[in-house]
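Enquirer: Mind looking over this structure? Questions follow.
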Amino acid sequence: MIIDTHAHLYYDNIKSHLPDVLHKATDIGIEKIIVPAIDLETSRKVIELSDKYEIIFASIGVHPCEVQNASNKDFDEIIKLSSHQKVVAIGETGLDYYWDLTFKDKQIEFFELQIDLATELKKPVVIHSRNAVDDAIEIVKRKSPESFSGHFHCLSGTFQNLAQILDLKNFYVSYCGNVTFKKFTEIDFVSNTPLDRILSETDSPFLAPVPFRGKVNEPAYIVHTIKKLAGIIGTDYQELLSAMYQNANKLYFKHSYES
Ligand SMILES: [Zn+2]
């Protein structure tokens, strides 16, 4: 079985044919899909989707690229929504220095708020970092990482970054469809990811793997990324699948990490 731990199924280009997308996902063995929100509005949407479709689970929060429009009142609403039974994580949150540095302080503030909420709820925090992985790791470390768990999704960085994340006991990483691209340059550190710390994700509708590069990504395409990762890591495809499945269940559906 497969769990797509990160798919934004509420964008129009994928939501327009969602029953078909979910059907294809089930057909290839996907058992659960976690849909991360990016703001208050999408937090409500992902909960709606999780009510409607058994296969969908929700992660709610404010994405670093959306903090400029987010208020503390929005965050209070997100806290209220977090008691919904299908909310399995907080985020996606984190830091993004690629698009805009204007709201760096507010990105950090909202990242810390969401770590605090995740800690209180004993749910993992979904971390986005773009051109900011050093700072993201630093903030996690500052926040007593032994008391919460997390997922550095679509990780990009250096071998040292990976090593720092692996030092944090309850943290996992995942990689997106870009690992299948010809010009993918981070093979060295990805190949060093241990099987007990890796998760499967698509980041749908973004970053579709080859042979669907440039198209709208969807959970069913996850197998192309996992097959490529098995090659990079040098492990058997089935073995990687089952490791990813166990890890996702452990992080998102059991909340069994020790504190
Ligand atoms: Zn995302």
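The values are calculated or read from the model by the stated rules, or taken from the named source; none is laboratory data. As the structure is a prediction and not an experimental result, all values here were calculated from the model. In this analysis, Cβ positions are derived from the backbone assuming ideal geometry, glycine residues included, and neighbour counts consider all displayed protein chains. What goes into the accessible areas is simple: the full protein's heavy atoms, side chains included, and nothing from ligands, DNA or RNA. Shrake-Rupley method; radii C 1.70, N 1.55, O 1.52, S 1.80 Å.
Enquirer: Name, by its number, the condition in (1) under 18 Å from residue 221 (Cβ atoms); (2) more than 16 Å from the ligand (Cβ to nearest atom); (3) under 18 Å from the mean Cα position of the chain (by Cα) that does not hold for residue 180.
Expert: Evaluating residue 180 over (1) under 18 Å from residue 221 (Cβ atoms); (2) more than 16 Å from the ligand (Cβ to nearest atom); (3) under 18 Å from the mean Cα position of the chain (by Cα) leaves (3) as the failure.
Enquirer: Scan region 53-72 and report the pairs whose first residue is under 15 Å from residue 6 (Cβ atoms) and within 16 Å of the ligand (Cβ to nearest atom) and whose second residue is open to solvent by 50 Å² or more (accessible area, probe 1.4 Å) and among the small types (Gly, Ala, Ser), with Cβ atoms within less than 8 Å and a gap of 6+ or a chain change.
Expert: none
Enquirer: Here is a follow-up. Considering 236, 203, which residue is at pLDDT 95 or above and touching a His at 6+ places or on another chain (Cβ under 6 Å)?
Expert: On the way: 236 fails: touching a His at 6+ places or on another chain (Cβ under 6 Å).
203 is the lone residue from the list that is at pLDDT 95 or above and touching a His at 6+ places or on another chain (Cβ under 6 Å).
Enquirer: Looking for something within 21 Å of residue 33 (Cα to Cα) and in contact with a Phe, Trp or Tyr (Cβ under 6 Å, 6 or more places away or on another chain) - is there at least one such residue anywhere in region 187-201?
Expert: The answer is yes; a qualifying residue exists.
Enquirer: Return yes when residue 204 is more than 14 Å from the ligand (Cβ to nearest atom) and buried (at least 22 other Cβ atoms within 10 Å of the Cβ) and no when it is not.
Expert: no
Enquirer: Continuing with the same structure: Among the numbered conditions (1) touching a residue at least 60 places away in the same chain (Cβ under 8 Å); (2) surrounded by fewer than 19 Cβ atoms within 10 Å (Cβ to Cβ); (3) within 16 Å of the ligand (Cβ to nearest atom); (4) of a type outside the set (Lys, Arg), tell me where residue 28 comes up short.
Expert: Looking at each condition in turn, residue 28 falls short on (3).
Enquirer: Sticking with this one: Tell me the residue from 202, 235 that is in contact with a Gly (Cβ under 9 Å, 6 or more places away or on another chain) and among the hydroxyl-bearing types (Ser, Thr, Tyr), please.
Expert: Every option except 202 fails the conditions.
Enquirer: Let me ask you something else. Could you figure out which of (1) touching a strand residue (DSSP E or B) at 6+ places or on another chain (Cβ under 6 Å); (2) open to solvent by 30 Å² or more (accessible area, probe 1.4 Å) isn't true of residue 218?
Expert: Residue 218 satisfies every listed condition except (2).
Enquirer: I need a count of the residues in region 112-138 that are in a helix (DSSP H, G or I), buried (at least 21 other Cβ atoms within 10 Å of the Cβ) and among the hydrophobic types (A, V, I, L, M, F, W, C).
Expert: So the answer is 6.
Enquirer: Which residue pairs have Cβ atoms closer than 9 Å, lie 6 or more positions apart in sequence or on different chains, and pair a first residue in region 95-118 that is in contact (Cβ under 8 Å) with a residue 40 or more places away in the chain and over 21 Å from residue 82 (Cβ atoms) with a second residue that is of a type in the set (Asp, Glu) and open to solvent by 40 Å² or more (accessible area, probe 1.4 Å)?
Expert: Matching pairs, first to second residue: 95/135.
Enquirer: While we're here: For region 31-44, which residues satisfy the criterion of being in contact (Cβ under 8 Å) with a residue 12 or more places away in the chain and more than 13 Å from the ligand (Cβ to nearest atom)? I'd like the intermediate steps shown before the answer.
Expert: First, pick out the residues of region 31-44 that are in contact (Cβ under 8 Å) with a residue 12 or more places away in the chain: 31-40, 42-44.
Answer for region 31-44, where residues must be in contact (Cβ under 8 Å) with a residue 12 or more places away in the chain and more than 13 Å from the ligand (Cβ to nearest atom): 31, 32, 40, 43, 44.
Enquirer: A further question on this structure: Name the residues in region 163-175 that are within 16 Å of the ligand (Cβ to nearest atom) and not in a loop (DSSP other than H, G, I, E, B), would you?
Expert: 172, 173, 174
Enquirer: Considering only residues that are crowded, with 18+ Cβ neighbours inside 10 Å, part of a loop (DSSP other than H, G, I, E, B) and either away from the ligand (no atom under 16 Å from the Cβ) or of a type in the set (Lys, Arg) (or both), which ones fall in region 144-162?
Expert: Passing the criteria: 148, 149, 157.
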